[in-house]
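The values are calculated or read from the model by the stated rules, or taken from the named source; none is laboratory data. Because the structure is predicted, anything quoted here is derived from the model rather than measured. Cβ coordinates were reconstructed from backbone atoms using ideal geometry, including for glycine residues, and neighbour counts include every protein chain displayed. Protein only, heavy atoms only, side chains kept; ligands, DNA and RNA dropped before computing areas. Shrake-Rupley method; radii C 1.70, N 1.55, O 1.52, S 1.80 Å.
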Amino acid sequence: MGHYSKGSEKPPFKDDRLRLYSMRFCPYAQRPRLVLAAKGIDYECVNVNLKDKPDWFLDLNPGGTVPVIEQPDGAVIYESAICCDYLEEAFPDIPQLYPSDPVKKSQQKIIVETMGKAFLTAFFKTLYAVGEEEPKEELKKRLSAFDKYFQQNDKYLGGDKPGMGDFLIWPFFERLLVWQALIGLDLTQFPAVSAWCAAMNEVPAVKECTYPAEMYLKYYDGLKSGDPEAQLIGIDQKP
């Protein structure tokens, strides 16, 4: 499935489903896709070329980032974590992804906002500085913190089943699993993190929203060449 680019016309709504504006390989856009899948919400996915954005997309989100959720009535929500919170509040019982206990809910958010954000920063620094030891050592430090957390707590951030926190951080770990050899990292050094990753890979919503490693690797090659979509021509694709 291609991505809408500058000069394209905004596709009209065909029905009363939510619409998610996404980019297939954006980890932030994968966050609400995971939540939508976990909740079983039917929706329409419209992919956007983030390097050549349509004017109509910038009217929806002047920042030009995905994800963006649009309701058929024209209401628009963007920013990945806010989109996920919106889905949780708009569809609270199918299933509930945050704990009902306000303390446990806040604690889960703290993990995402502290350990999660520190990991994301280290991950991207390492990815864009392949071969440099300093960012890789920082990434290992952040992975060690997660490893210690999973050793001392439940199977998932959400407890005995995956919750919102798991879905918010998973897209970045999914990519780390694929790209660890490129980075020069061995995740088996972090057994508790590896066990969590193995458990997450079996979650139905994760299976629904992932791509084969081949596609991630080709997309990474495309990033380096400046044309990620060209690298994927001829490969079976899904939204």
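Miscellaneous remarks
- Extreme residue, least open to solvent (accessible area, probe 1.4 Å), among residues of segment 85-134 that are in a helix (DSSP H, G or I), more than 30 Å from L185 (Cα to Cα) and not acidic (D, E): L87
- For segment 18-63, residues that are in contact with an Asp or Glu (Cβ under 8 Å, 6 or more places away or on another chain) and modelled with pLDDT under 95 total 2.
- Cβ-Cβ distances below 8 Å connect the following pairs, each with a first residue in segment 137-150 that is within 12 Å of A195 (Cα to Cα) and aromatic (F, W, Y), a second residue that is open to solvent by less than 50 Å² (accessible area, probe 1.4 Å) and outside any helix (DSSP H, G or I), and a separation of six or more residues or different chains: F146/F190.
- Under the condition of being in contact (Cβ under 8 Å) with a residue 24 or more places away in the chain, in a loop (DSSP other than H, G, I, E, B) and more than 26 Å from G165 (Cβ to Cβ), the residues counted in segment 54-84 number 2.
- Hits in segment 135-166 (condition: assigned to a loop (DSSP other than H, G, I, E, B) and crowded, with 18+ Cβ neighbours inside 10 Å): L157, G158, P162, G163
- Hey, A205 among the hydrophobic types (A, V, I, L, M, F, W, C), open to solvent by less than 60 Å² (accessible area, probe 1.4 Å) and out of contact with any Ser or Thr (no Cβ under 9 Å at 6 or more places or on another chain) or not: yes
- Of all the residues in segment 173-191, those that are at pLDDT 95 or above and aromatic (F, W, Y) number 2.
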